[in-house]
Amino acid sequence: MDVIVIGGGISGLAVGFFARQNGTSVLVLEESTQAGGKIRTDWQDGFCCEWGPQGFLDNVPETLELVRLLGLENRLVKAGQAAADRFILRNGKLRKVPLSPPAFLVSDVVSLPGKLRVLAEPFMPRGRAEDESVLDFARRRIGREAAEVLVDAMVTGVFAGRAAELSLPATFPKMAMMERTYGSLTRAMLALRKKGGGGPAGPGGTLTTFVSGMQELTDRLVAALGPDLRLQSPVAAVQYRESTASPWVVKLANGEELSARNVVVTVPPPKVSALFSHLFPPKALEALGEIPMPPVVVVMTAYKSPQPFAHPLSGFGFLVPSREPRQILGTLFCHSIFPNQAPAGTVLLRTILGGARQPEVIAFSDEELLRLVRRELHAILGGDSDPDLVRVFRHPEGIPQYTLGHPKRLAVLDETASRFRGLYLTGNAYRGVAVNACIAEAKKVAASLR
């Protein structure tokens, strides 16, 4: 066999699919009864409840290519126009995020002194640190207030993390590149606009899903792989025999042994450490252990009333910066983002809790979580309507945190993997947490298989 892929989440499924497209024989092993990892969609009473990602941005060629190859182009659904309105909680009040320089100047999301400091960004000197936290970078470039409101909220939405702990070059490499190349984010955006590029976080795109939700993508990958995907096949051990043509022996929990020329490992870092503790040097195991994955909880609440709260529920939703004394990270207005995901005249909210800020919520009961969410929504949106539907999804291993030192950890892991013929580490723990990043890395790995 050419390739064994350990892990059947989106990364593993995509590696398997692209490898087959390249004429490579492949077997994907998934320990659970369902492939797809955190991508899972439940429909109940006409409401679409996503366990994991709500969608993907339509700006990454590898994802769009995968969609085309799977025959899913006519199943794509783009976010509605109302989703352009996004909100940030500031001093207990929801404030609209400005999407243009003129809107920023008249918005109330940042004070007048804060706006003046942002306008001084082109005159700030370049940073010299090899690695720097996202928050320190933002404070240095646009000032403390804008950093702690706008940038902190962005980090909350992407990583459910702490901006003061995350590595800028690892989490937002384009921002680091922009300062390095142009000396200023403002000058960089002006230059990139002339070239048709995007903003500091990356090129613009529209949030996109499928008619039946994100699971359509993984279901189609599962169907495409067919017998080359095996469920309920946990890997118990991995052995390396350097002198043989197929150096990798993968032992399953049922005692079966499989051999291959290549092994692609897409499972989370703790499982990688467990499988390779006898092969990897201490520094590599230490690097894996320093990629935290704090738990995340998703609480879906649906209301058969069109206006269950005082605040209008049209828009994308809101994020909560860490400076606000609240216990949730944010809430998406799913019925407004994708109107097909809720019956007409109803409301579907998706509230996120936990992450690096409040990992303890994973231990709360469903009843405690619902009480907490209702209390927070009452304080932020006004009103406390009884939800007609409640779903709670728990992710004990949540979004990987690319904390300070992450680029050096990747260098250690890359060097370690290079010592073993045909070994590849990929997945959302390394070079991007979003669906797009996982698919792009999967295609790259599939193309490099020997």
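Computed from the coordinates by the stated procedures, all read-outs in this text should not be read as laboratory data. These figures come from a predicted structure and were not determined experimentally. Here the Cβ positions follow ideal geometry from the backbone for every residue, glycine too, while neighbour counts run over all protein chains shown.
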Among Ala160, Ala237, Ala170, residue whose mean-square fluctuation peaks in a GNM of the chain (springs only between Cα atoms under 10 Å): Ala237
Once fully extended, how much extra length lies between Arg95 and Ser243, figured as 0.36 nm per residue of separation less the alpha-carbon to alpha-carbon distance? 47.0 nm
Amide H of Gly383: which non-local residues (sequence gap of 5 or more, or other chain) have their own amide H closer than 5 Å, using H built in the peptide plane? Ala310
Taking every C-alpha to C-alpha distance in segment 294-395 and binning by 10 Å from 0, the per-bin percentages run 15, 52, 29, 3
In a solvent-free Debye calculation with one equal scatterer on each Cα, what is log10 I(q)/I(0) for segment 345-407 at q = 0.15, 0.22, 0.27 Å⁻¹, listed in the order of the q values? -0.58, -1.01, -1.32
Taking the C-alpha atoms of segment 51-191, convex hull volume expressed per residue in Å³: 157
Could you give the length gained on full extension between Asp108 and Leu279, defined as 0.36 nm per residue of separation minus the Cα-Cα distance, in nm? 56.0 nm
Pairs beyond 22 Å (Cα-Cα), from Lys38/Lys443; Lys38/Lys271; Lys174/Lys444; Lys93/Lys304: Lys93/Lys304
Residue by residue through segment 171-178, the couplings from Karplus 6.51 cos²θ - 1.76 cosθ + 1.60 with θ = phi - 60°, in Hz, x for Gly and Pro, are 8, 10, x, 5, 4, 4, 5, 5
Residues in segment 375-392, backbone N under 19 Å from the label point at Ala310 (7 Å along the Cα-to-beta-carbon vector): list them, ranges by number please. 375-387
Pick from Pro102, Pro247, Pro122: which residue has the top mean-square fluctuation in a GNM of the chain where Cα pairs under 10 Å get a spring? Pro102
Which residue, Leu349, Leu70, Leu332, has the most motion in a Gaussian network model of the chain that connects Cα atoms within less than 10 Å? Leu70
On each of the three principal axes the extent of the alpha-carbon atoms of segment 110-195, given in whole Å and largest first, is 32, 31, 24
With the convex hull built on the alpha-carbon atoms of segment 339-444, volume per residue in Å³ sits at 164
Compute the FRET efficiency between Arg193 and Glu256 as 1/(1 + (r/R0)^6), taking r as their Cβ-Cβ distance and R0 = 56 Å, and round to the nearest 0.05. 0.50
Enclosed volume per residue, in Å³, of the convex hull spanned by Cα atoms of segment 116-159: 67
Using the Kirkwood radius built from alpha carbon pairs, what does the Stokes-Einstein equation give as D for the chain at 4 °C and 1.567 mPa s, in µm² per second? 56
What is the ratio of the Cα radius of gyration of segment 247-356 to 2.2 N^0.38 Å, with N the residue count, to two decimals? 1.69
For Arg375 paired with Glu121, estimate the spin-label separation in nm (one decimal), with each label point 7 Å from Cα along the Cα-to-Cβ line. 3.7
Please list, in order along segment 75-80, the HN-Hα scalar couplings obtained from phi with the Karplus expression 6.51 cos²θ - 1.76 cosθ + 1.60 (θ = phi - 60°), rounded to whole Hz, x for Gly and Pro. 9, 6, 10, 8, 4, x
Tell me, what is the Rg over Rh of segment 46-99, with Rh the Kirkwood radius over Cα pairs? 1.10
DSSP loop GluC sites (Glu not before Pro) in segment 82-164 with at most 12 other Cβ atoms within 10 Å of their Cβ, which ones? Glu130
Stretched out fully, how many nm does the piece from Glu65 to Gln44 gain, at 0.36 nm a residue minus the Cα gap? 4.5 nm
